[in-house]
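Here's the structure we're looking at; comments come further down.
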Amino acid sequence: MKGLLCPLGTLITTAAPWSVLPHSQPSGGKRSSQPREKREGKREETAGVEDASGVSVNPVSVNYHFTRQCNYKCGFCFHTAKTSFVLPLEEAKRGLRMLKEAGMEKINFSGGEPFLHDRGEFLGKLVKFCKKELKLPSVSIVSNGSLIREKWFKDYGEYLDILAISCDSFDEQINALIGRGQGKKNHVENLWKLRRWCADYRVAFKINSVINRFNMEEDMNEQIQSLNPVRWKVFQCLIIEGENAGEDALREAERFVVSDEDFEKFLDRHKAVSCLVPESNNKMKDSYLILDEYMRFLDCTRGRKDPSKSILDVGVEEAIKFSGFDEKMFLKRGGKYVWSKADLKLDW
């Protein structure tokens, strides 16, 4: 198996907002009765839009959690299955086009488990639309990997830049304690299979790990270096009120939380891994532009997810004002990187 190189460099872009089509309700498809020319508006060549505090916000990289449903039960999950709602395909495409016109250059599809809905076909159509029609520089997916089949790579792999697989441990007993597993499937064995498919179908392979009380003392150096992902994103377990903590939450993530000191010890143990990208709670909480299943930006600044109005209702420019997005932290944590497989110069 040939290796993949850890990407270096920075992708510098500017964004331009766009006056977008309004939408009635998240679950409907009714269009505005305004004349088309008034609805579409005129494109402004500016650097970004301002949030509620007056700070310019550039929607360069967006994370779209289009479903909350999942086949795993990870105890620290902070986007839990409160609804089974998924936007109709054409409405999702409309929102993605609006985001592109507002300056989006990278879209990341997540969940829940994004391959669960329509056996991955819905996701595949969105991936193809974003790469082929919107011509986005980067299209990526975060998945637990359990439902991905080789046929999906054959049908849609050419349109996908990065596939990130969540793997918190290389010990199946620890994965079971975390809730990252289903039946008799071996999560780690499946990870290696997906790594091979990514190489075969020219998709950059990435690993995401959440460091928690059950895996904080694990040494993953050998396995990560053998898998050789383009990036190994290492997160500190994060508490979000109402999602994985609190009376109305579906998870009890408090028992998974690790201290800043324990997180730093884990990072220090793996400092030789060149593609490691650490994200503490401080870096992670406000540095992602997150869209939920209704295409509402989620503001996590108060330790919970407060939704904006849907971009399909009010447009990207208005909704993003209430995203709570910290663009400076986004840049500080390395949110911009070489994220197109065409630029990664991978040794396939």
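The values are calculated or read from the model by the stated rules, or taken from the named source; none is laboratory data. Treat the numbers as computed from the prediction; the structure is a model and nothing was measured. Reconstructed Cβ throughout: ideal geometry from the backbone, glycine too, with neighbour counts over all protein chains shown. The accessibility values were calculated without ligands, DNA or RNA, using every heavy atom of the protein model including side chains. Shrake-Rupley method; radii C 1.70, N 1.55, O 1.52, S 1.80 Å.
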Problem set entry | Scan of segment 266-297 for residues that are touching an Asp or Glu at 6+ places or on another chain (Cβ under 8 Å) and either in a strand (DSSP E or B) or charged (D, E, K, R) (or both), ordered by number | Arg269, Asp286
Seminar exercise, completed: Those residues of segment 169-179 which are open to solvent by less than 20 Å² (accessible area, probe 1.4 Å) and more than 26 Å from Trp339 (Cα to Cα) amount to Asn175, Ile178, Gly179
For this session: Identify the single condition in (1) within 25 Å of Tyr337 (Cβ to Cβ); (2) of a type outside the set (Val, Ile, Thr); (3) open to solvent by 60 Å² or more (accessible area, probe 1.4 Å) that Asp219 does not satisfy, given that it satisfies every other one.
Result: (1)
Exercise. How about segment 67-88: which of its residues are closer than 29 Å to Arg213 by Cα and either at pLDDT 95 or above or of a type in the set (S, T, N, Q) (or both)?
Worked result: Thr67, Gln69, Asn71, Thr80, Thr83
Exercise. If you go through segment 308-348 one residue at a time, how many are under 20 Å from Asn281 (Cα atoms) and either free of Cβ contacts under 8 Å to residues at least 40 places away in the same chain or not in a loop (DSSP other than H, G, I, E, B) (or both)?
Worked result: 6
Problem set entry | Some residue of segment 80-99 being more than 25 Å from Asp313 (Cβ to Cβ) and open to solvent by less than 10 Å² (accessible area, probe 1.4 Å) | no
Problem set entry | Only listed residue being touching a His at 6+ places or on another chain (Cβ under 8 Å), among the charged types (D, E, K, R) and at pLDDT 95 or above, chosen from Glu101, Glu91 | Glu91
For this session: Evaluate segment 281-289: report whether one residue or more is modelled with pLDDT of 90 or more and open to solvent by 10 Å² or more (accessible area, probe 1.4 Å).
Result: no
Exercise. Scanning for something in contact with a Lys or Arg (Cβ under 9 Å, 6 or more places away or on another chain), buried (at least 21 other Cβ atoms within 10 Å of the Cβ) and under 19 Å from Gly120 (Cβ atoms), does segment 183-194 turn up at least one residue?
Worked result: yes
For this session: Of all residues in segment 100-135, count the ones that are under 14 Å from the mean Cα position of the chain (by Cα), open to solvent by less than 10 Å² (accessible area, probe 1.4 Å) and not aliphatic (A, V, I, L, M).
Result: 5
Exercise. Of the residues Ser166, Ser138, which single one is in contact with a Gly (Cβ under 8 Å, 6 or more places away or on another chain), open to solvent by less than 30 Å² (accessible area, probe 1.4 Å) and within 27 Å of Gln236 (Cβ to Cβ)?
Worked result: Ser166
Exercise. Restricting the search to segment 201-254, which residues are in a helix (DSSP H, G or I), at pLDDT below 85 and charged (D, E, K, R)?
Worked result: Glu254
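Conditions tested, residue by residue: (1) in contact with a helix residue (DSSP H, G or I) (Cβ under 9 Å, 6 or more places away or on another chain); (2) closer than 21 Å to Met98 by Cα; (3) open to solvent by 60 Å² or more (accessible area, probe 1.4 Å).
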{"position": "Lys265", "(1), (2), (3)": "no, no, yes"}
{"position": "Glu279", "(1), (2), (3)": "no, no, no"}
{"position": "Glu293", "(1), (2), (3)": "no, yes, no"}
{"position": "Arg296", "(1), (2), (3)": "yes, yes, yes"}
{"position": "Ser310", "(1), (2), (3)": "yes, yes, no"}
{"position": "Arg333", "(1), (2), (3)": "yes, no, no"}
{"position": "Lys345", "(1), (2), (3)": "no, no, yes"}
Exercise. Which of the residues belonging to segment 171-193 are more than 17 Å from Glu217 (Cβ to Cβ), outside any loop (DSSP other than H, G, I, E, B) and in contact with a helix residue (DSSP H, G or I) (Cβ under 8 Å, 6 or more places away or on another chain)?
Worked result: His187, Val188, Leu191, Trp192
